[in-house]
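> First the structure, then my questions, so here it is.
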Amino acid sequence: MSDSDLLLTPKNRTDSDLDLLLSGNKDSDLDSPVLAILPRGPNGHLAAPASPRKVTELPEHQPVPEPSDVDFEDPILQQEDENWEQAREADYSQPMGENKHRWWKVTWFPDFIETDMTRNKIMQFVDHMKYIMQKLLLLTNIICCIIGIEICPKTGKLHTHILLGFKDSVRYKTIKNILQYAQIRHLLTDQAILFWYDYVVKAFSKIDHPSRVMMWGADEIAKRRAKVQRSQKRSHREMFFDNQRAIEEGRFDDIDPLFRFDHMSKINQWYVNHHQPAAPLDYDRLVFIWGRPGVGKTSLFSRNMDPSVIYWKNPEVKWWLGYKDQPIVIIDEIVPETFRARHINWNLLGDRTEIFVEIKGGQVLLKAKWIIVISNYSLDELCSYPRRGLNETMKHTFKRRCGNDEEGYRMYKFPSEPRANNGDRWEVSRRVKEIWKGWYSYIRPYFRDLLPEDELQDQIDTE
């Protein structure tokens, strides 16, 4: 199952606003989930948020609004929600009976996931939530399904939040039949729907996985946000506090478009001044693949990864033109002269800590999880000068960013024979495992359809 299969929405959700006018609170006769095949089309969501830019000229100074003296968050409501989310409080004090609603919020702390989680357990939970999402999308009249997967900062437990919307009202037990062990409550107002949506997609505490937020029908949220904004004019102060979290986290596409248009220079400066460095990765991020031309080095990635997750870096220039936070960077067709160029610092580029890279007129934060270097030349050839020969220091610096002696090195010579079949799931999974070794579970989310590591290892052992 690929991630792209989940990000589908009926065509009439993006082609017309008619459904907003037609949607009502009609009664439904659903006693149990009724499955239907939905028409499918593009979701229209952005695969990667816009990259923040560092301004070259300081904007005219304007004071940032002071924190409000009014506490907008009700501590009683916060405690009630916390008790409900942790299953210390029932969904409802009395049985729901025949009550129906169109919008629902869901929280689920799975009991089968321990606090001390491994990467494989997180992967298994993500795969399970993809399966759950497929079941939810088969419910009749569903118009919105948004899932966020995160780790509780208080308990360290893996859990998920879900927002569900339907064209017609559905019963509580209809959803409970699919999400049997989850906490489920209805939402009545647009403000409550928008608040829960922001809570589901918030960047804070999310897992490190490309499917940490899965969206279907997100245009329904945009319509309700526009409706609320039209009904009440927001002050500059209120707009700032509405968007402050998105600004500081660098989620520029989540900022209100009008506020972003009017104050982009100040938004950029606020981000630069208040951005918190990301936690370092668990590994250095270089991968080196070499071999003869035409053996399948590049197509291993171009055929099996979604184009939206790859940034193809031109090794001839120092600028990172068009970089949009893609998690996979591929530097292809690199030759010795370019490999040794001064504008490429392999030690910094491959390091696990946060760095900025250059664009014309400023810098941008590099958010790549992996930097894959592909060449027709071996590492010795790339590090050799015509007269001085092999530069051992350069070779050692590059190699140590590809792994270590204990776990191995992500350095792979692509064989000429037998010819690679980069369309075969088993062969692609096996080759990726050979390249990434113990880091297989870290790269698997970015491929469309790699085998789970346990299943792959079982097949390897039986050969």
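> Can you pull the three principal axis extents for the Cα set of the range 367-447, in Å, largest first?
Extents along the principal axes: 45, 30, 26 Å.
> Given the pairs LYS121/LYS369; LYS135/LYS176; LYS176/LYS223; LYS223/LYS266, which span a C-alpha to C-alpha distance of over 22 angstrom in this model? Display every interim value, and only then the final one.
Values: LYS121/LYS369 19 Å; LYS135/LYS176 12 Å; LYS176/LYS223 27 Å; LYS223/LYS266 27 Å.
Pairs exceeding 22 Å: LYS176/LYS223; LYS223/LYS266.
> If we sort 155-163, 204-212 on the protection proxy, mean other Cβ atoms within 10 Å, highest first, what's the order? Present the calculation step by step, with values, prior to reporting the outcome.
Working: 155-163: 20.0, 204-212: 16.0.
Listed from highest to lowest mean packing, they are 155-163, 204-212.
> Can you give me the C-alpha center-to-center distance between the range 358-411 and the range 132-191, rounded to a whole angstrom?
If we compute the Cα centre of each part, the gap is 45 Å.
> Additional query: Hey, can you grab everything whose amide H is under 5 Å from the amide H of VAL170? Only 5+ residues off in sequence or another chain; H modelled, so Pro and N-termini drop out.
Here the answer is HIS101, ARG102, since their amide H atoms fall under 5 Å of that of VAL170.
> Separate question: Any of LYS100/LYS130; LYS105/LYS173; LYS154/LYS367; LYS173/LYS202 with alpha carbons more than 19 Å apart? Name them for me. Can you show the working numbers first?
Numbers: LYS100/LYS130 26 Å; LYS105/LYS173 14 Å; LYS154/LYS367 26 Å; LYS173/LYS202 28 Å.
As for pairs spanning more than 19 Å Cα to Cα, those are LYS100/LYS130; LYS154/LYS367; LYS173/LYS202.
> Can you tell me how the range 178-227 classifies by the Cα gyration tensor, rounded, prolate or oblate, using a/c under 1.5 as the rounded cut?
Details: a/c = 1.85, a/b = 1.21, b/c = 1.52.
Oblate.
> Sort 348-361, 317-330, 383-396, 164-177 by the packing proxy (mean of other Cβ within 10 Å over each peptide's residues), most packed first.
Put in order of decreasing packing, that is 164-177, 317-330, 348-361, 383-396.
> Work from the charge dipole of the range 219-355 (Cβ charges, +1 for Lys and Arg, -1 for Asp and Glu, about the Cα centre) and give the residue of PHE301, PHE240, PHE288 farthest towards its positive end.
In the range 219-355, that residue is PHE240.
> A follow-up question, please. Rounded to two decimals, what is Rg over Rh for the range 286-462 when you use alpha-carbon atoms and the Kirkwood radius? Mind showing how you got there, number by number?
Numbers: Rg = 16.4 Å, Rh = 17.1 Å.
Ratio value, two decimals: 0.96.
> Taking H placed 1.01 Å from N in the peptide plane, check which residues at least 5 places from ILE355 or on another chain put their amide H under 5 Å from its amide H.
Result for ILE355 returns LEU366.
> Taking 0.36 nm per residue of separation and subtracting the Cα-Cα distance, what length does fully extending GLU381 through PHE204 add? Please report the intermediate quantities before stating the final value.
On the way: separation 177, 0.36 × 177 = 63.72 nm, distance 4.41 nm.
In short, 59.3 nm is gained.
Bear in mind these aren't lab numbers, they're just calculated from the coordinates by the rules spelled out. This is a predicted model, so every value here is computed, not measured. Because the Cβ atoms are built from the backbone with ideal geometry, glycine has one as well, and the counts that use them run over all protein chains shown.
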